[in-house]
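This report concerns only the one structure given below.
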Amino acid sequence: MKIKIITPIWTGDIDLKSDWLHSTGIIGSLRWWTEAILRGMRKFACDPAGDERCPKKIKDEMQYCPACLIFGATGIRRLFRLEISGGEKIFDGGAINIKPQQRNRGWYLGSGLKGEIDLNIIPLDRDFDENLVLVPLAIAAKWGGIGAKTQHGYGVVELIDKIELRFENFQGALDKILKSERLRKLNIKERNDTNDALPNIKEMFFAKVQFEVQNNDWWKEVDGIKPVSNDQRLEKWIETGSVPISPAIKNWLRYDDGKNLWQDMDTNKKERKENWLFGTTDRVCSSCYEKVNQDRNNRRNFWCSNCRKSLKKEETFERVASKINVSCAYRINNTTWEFRIWGWIPEGFQGFNRNNFLNNLKQALDGNGTRTIPWTSLLGKFTKNHKLKVWREFNPPNESVINNYLQSLLEDKGGS
Ligand SMILES: [Zn+2]
Ligand SMILES: [Zn+2]
């Protein structure tokens with residue numbers, strides 16, 4: 001499988017020469033997409049980094065979720081091996097700091113991989129079917145990204161080998177590895193559990209926005225890029241045909257007038273909602289997302305000033321990933337560029353109105369709401385005609401069957 005890198009892939013800080021490292025970063029994100037799809041199909045998929053990860057031992061029985069049956073876990077091996085070759089580092093040296101106006105810290109952009117990569121999927125089990133990997137990969141390629149740091153704009157790719165994928169083949173491949181005779185032989189059981197608060201494709205949204213540019217240097221006017229536009233590292237990044245606009249867009253959405261899209265009236269809870277939605281590197285309370293500090297009365301615990309409670313380490317999150325990803329802009333043709341904004345927004349966080357937020361965001365991107373996006377101050381004065389090209393989210397009752405929705409994501413011709 002040949003893959004064209006559209007916006008640089010992030011595979012890790014360490015030596016980019018190691019193919020093994022490439023594959024762990026990519027396998028991690030393939031697993032993430034597979035889990036989101038499985039949960040959408042009402043299958044259980046554990047969080048492989050969490051305390052509740054597989055196997056779950058009940059009496060003498062070892063239980064594994066379908067994601068672990070595909071990707072492996074303690075006690076069972078992965079059904080396939082991924083060999084990755086190709087790709088080139090964009091620049092040497094440290095990360096570039098992109099700092100939108102009025103920000104103290106900004107975002108750090110490290111070199112990723114550019115070019116083309118070859119992805120070779122090697123079965124390690126006779127019940128393995130390539131569709132288990134190809135279908136999630138194709139959905140990620142079409143709507144999101146692969147590798148790490150997709151929230152900073154990395155990882156938009158295009159599958160070069162045009163194979164027609166069908167969601168029913170993923171379903172069939174899954175049925176095959178979950179067959180009871182097979183599991184009995186392995187002396188394990190399928191794990192059925194509850195999936196609270198973990199990424200689910202039914203709760204994701206996908207948008208593509210296009211705009212026109214008036215010259216090839218338009219990117220020098222992007223908020224945050226101007227001060228570093230002469231940096232050679234950045235020039236090398238631009239040569240890949242992508243522009244890191246994610247800091248500009250996220251800065252507006254998180255700190256500037258874009259706040260109005262998610263903040264509602266209840267500004268008291270702003271900080272907590274912000275941590276929940278955009279992520280944080282601070283340690284926070286796992287129920288309210290307030291930042292926690294060491295508990296003075298019990299030094300092994302953390303104190304949540306909002307819940308007024310002493311929390312064990314397991315009751316906190318060490319860091320929170322952003323629920324919103326904004327890709328780099330990438331070229332569609334000589335004058336048209338596109339970027340993606342996508343993510344997982346679950347229902348049920350206190351005081352957060354999911355529906356309002358998604359409606360507000362969609363209308364703002366489309367330019368037909370009461371809240372408008374100051375495109376030219378974000379993307380620069382040489383961009384124009386910004387418009388929402390496509391918006392997708394699971395939308396029952398129109399799309400009552402998740403399989404149909406997933407099939408449509410595999411086929412959809414919207415945007416690039
Ligand atoms: Zn599992
Ligand atoms: Zn709390």
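Entry note: the stretch 74-160 has Rg to Rh equal to 1.09, where both radii use alpha-carbon atoms and Rh is the Kirkwood radius.
Directionally averaged projected area (the stretch 304-416, Cα convex hull): 11.1 nm².
I'd like the FRET efficiency for E314 and N216, computed as 1/(1 + (r/R0)^6) with the beta carbon distance as r and R0 of 45 Å, rounded to 0.05.
0.30
Taking a ≥ b ≥ c as the square roots of the Cα gyration tensor eigenvalues, the stretch 3-135 comes out prolate, since a/c reaches at least 1.5 and a/b is larger than b/c.
Once Rg and the Kirkwood radius are both taken over the C-alpha atoms of the stretch 351-408, their ratio Rg/Rh works out to 1.10.
Among 193-203, 156-166, the peptide with the highest mean count of other Cβ atoms within 10 Å heads the list, and the full ranking is 193-203, 156-166. Computed from label points 7 Å out along Cα-Cβ, the spacing between K189 and Q101 is 6.2 nm. Sorting the segments 253-259, 353-359 by their residues' average number of neighbouring beta-carbon atoms within 10 angstrom, most packed first, yields 253-259, 353-359. Taking Cα centre as origin and charging only the Cβ of basic (Lys, Arg, +1) and acidic (Asp, Glu, -1) residues, the dipole magnitude of the stretch 362-406 rounds to 320 debye. Using only the C-alpha atoms, the convex hull of the chain corresponds to 158 Å³ per residue. Each of T34, V390, N353 was placed along the dipole of the chain (beta-carbon charges, centred on the mean Cα), and the one lying farthest toward the positive end is N353.
Over 29 Å apart at the Cα level, from the set K149/K208; K189/K273; K259/K291; K114/K313; K220/K389; K208/K270, are K189/K273; K114/K313. With a 1.4 Å probe rolled over the protein heavy atoms of all chains, the accessible area of D118, D295, D60 falls in the order D60, D118, D295, largest first. Rg/Rh for the stretch 31-73 stands at 0.97; both radii use Cα atoms, and Rh follows the Kirkwood definition.
Scaling the Cα radius of gyration of the stretch 224-331 by the globular reference 2.2 N^0.38 Å produces a ratio of 1.40.
The values are calculated or read from the model by the stated rules, or taken from the named source; none is laboratory data. For clarity, every value in this text was computed on a predicted model and none was experimentally measured. For neighbour counting, all protein chains shown are included, and Cβ atoms are generated from backbone atoms with ideal geometry for every residue, glycine included. The protein model used for the area step is the full one, side chains on, heavy atoms only, and it has no ligands, DNA or RNA in it. Shrake-Rupley method; radii C 1.70, N 1.55, O 1.52, S 1.80 Å.
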